[in-house]
Amino acid sequence: MVLCLVLGEEVTDRFIFDISVEMWTSMKISHLRDGIKEKASLSVPAHKIKLWKVAIPTKDMNDEKMKILINKSHESINVKEELGGELLEAEDSISSKIENVPADNHIHIIVEPPSSPATTGKRRHEDSDSDEEAKTLASLLTSTILQPPIMKIPSHKFYDRDQALNSMLKVARSNFKGRKSPDHKDHTFILIPGGIGIGKTRMGWESQCLSSITTSSYDTPEFIEALKDPCYISIDLNNGNKYIRGFDDRANESVRIGARVAVASGLVSENLPDLLNTNLFHFSDVICEILKRRSKKVEAIIIHLDEYQLYINDFQKHKQQSWIDSRDFLKEC
């Protein structure tokens, strides 16, 4: 196993990556880089990441290299000169560069993501080699339609369906009435807690079917029409939209949720880890672009966040925060 530190993160955020015997004897540094990228939940392409072999003691706070990591801005660190780093080339075998049993209590690998412009990213244009970053989300997008991923329709029976839909319909009515409130203080969210298999995911999926139950006589035609074809956006915080180290702990709350809504709605075709120019994906801007493509007088947007507990757990694990602080981090979105 090797102890790794992502350049730009706190020294206390170092982590262990296990190298199996098979991996050590038969695989290349490129494979090691892929594994470390996944373990660190980095949101940049693997080939843009540099791995540096180092030997920095973690228990000696007077060590000069450790002092540099603790006290100096990581953006200005020259890993080769100041930390004695050896750049690991993609085609080299792991066994030729990494000891079978590395020294204990040492950082063995410095993980260097690309510099800031590449980290936030520049969208690739087929007809342009310009390095100028797009200035607005609208200028970044290439598709005029939403292309959400195909969702599997649940086949099993949903017990107490009408009761659940009626509960959600009450919230929809309340939010519709208060939609023009500038502070949105009366906007209501639905939280469905509980254990595995009780129907949380299914109830979220059914939220797009509110028009299937009888509406009250005082529901306006606009409200009824909006519910017939809602913009349902399902965000699985475990599959495809999980906590990404290096993105979620740096981006503000508007971008964290905005980027996920953009991916899940089909506004962009990329997966979240491959999304470029993430700094442009503020939630309000993403919603505006979705509304442009839907072109409706009144739009019902349903955002279904699934597996939120796993997101909280990942944040808690990576940042060593309490459960309450980790929950509040999610709620900021």
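The values are calculated or read from the model by the stated rules, or taken from the named source; none is laboratory data. Treat the numbers as computed from the prediction; the structure is a model and nothing was measured. For neighbour counting, all protein chains shown are included, and Cβ atoms are generated from backbone atoms with ideal geometry for every residue, glycine included.
For the condition at pLDDT below 90 and polar (S, T, N, Q), what is the one hit in Ser295, Ser265?
Working: Ser265 fails: at pLDDT below 90.
One residue alone meets the criteria, Ser295.
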Original post:
Looking at the stretch 248-274, which of its residues are touching a strand residue (DSSP E or B) at 6+ places or on another chain (Cβ under 7 Å) and in contact (Cβ under 8 Å) with a residue 60 or more places away in the chain?
Top reply: Ala264, Ser265
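Confirm whether Tyr243 is of a type outside the set (Val, Ile, Thr), touching a residue at least 40 places away in the same chain (Cβ under 8 Å) and closer than 14 Å to Ile303 by Cα.
On the way: of a type outside the set (Val, Ile, Thr): yes; touching a residue at least 40 places away in the same chain (Cβ under 8 Å): yes; closer than 14 Å to Ile303 by Cα: no.
No; evaluated as a whole, the condition is false for this residue.
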Subject >> Hits in the stretch 48-77 - residues which are surrounded by 12 or more Cβ atoms within 10 Å (Cβ to Cβ) and in contact with a Ser or Thr (Cβ under 9 Å, 6 or more places away or on another chain) >> reply: Lys48, Met66
Subject >> Check on Tyr243, within 27 Å of Glu10 (Cα to Cα) and out of contact with any Leu (no Cβ under 7 Å at 6 or more places or on another chain) >> reply: yes
Subject >> Enumeration of residues in the stretch 163-186 that are modelled with pLDDT under 85 and over 17 Å from Thr220 (Cα atoms) >> reply: Ser181, Pro182, Asp183, His184, Lys185, Asp186
Original post:
Given the conditions (1) of a type in the set (S, T, N, Q); (2) under 23 Å from Ser43 (Cα atoms); (3) at pLDDT 75 or above; (4) surrounded by 12 or more Cβ atoms within 10 Å (Cβ to Cβ), and given that Thr119 satisfies all but one, which numbered condition is not satisfied?
Top reply: (3)
Original post:
Residue check: is Asn241 within 14 Å of the chain's Cα centre (by Cα) and surrounded by fewer than 18 Cβ atoms within 10 Å (Cβ to Cβ)?
Top reply: no
**OP:** Kindly indicate which of Val6, Val21 is under 22 Å from the mean Cα position of the chain (by Cα), of a type in the set (Val, Ile, Thr) and at negative phi.
**Re:** Val6
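Can you work out which of the residues in the stretch 162-217 that are acidic (Asp, Glu) and surrounded by 10 or more Cβ atoms within 10 Å (Cβ to Cβ) is nearest to Leu330 (Cα to Cα)?
Taking the stretch 162-217 and keeping what is acidic (Asp, Glu), we get 162, 183, 186, 206.
Adding the requirement that they be surrounded by 10 or more Cβ atoms within 10 Å (Cβ to Cβ) leaves 162, 186, 206.
Details: Asp162: 30, Asp186: 20, Glu206: 24 Å.
Residue satisfying both the conditions and the ranking: Asp186.
For the structure I just gave you, tell me whether Leu305 is within 30 Å of Gly197 (Cα to Cα) and surrounded by 18 or more Cβ atoms within 10 Å (Cβ to Cβ).
Details: within 30 Å of Gly197 (Cα to Cα): yes; surrounded by 18 or more Cβ atoms within 10 Å (Cβ to Cβ): yes.
Yes: the conditions hold for Leu305.
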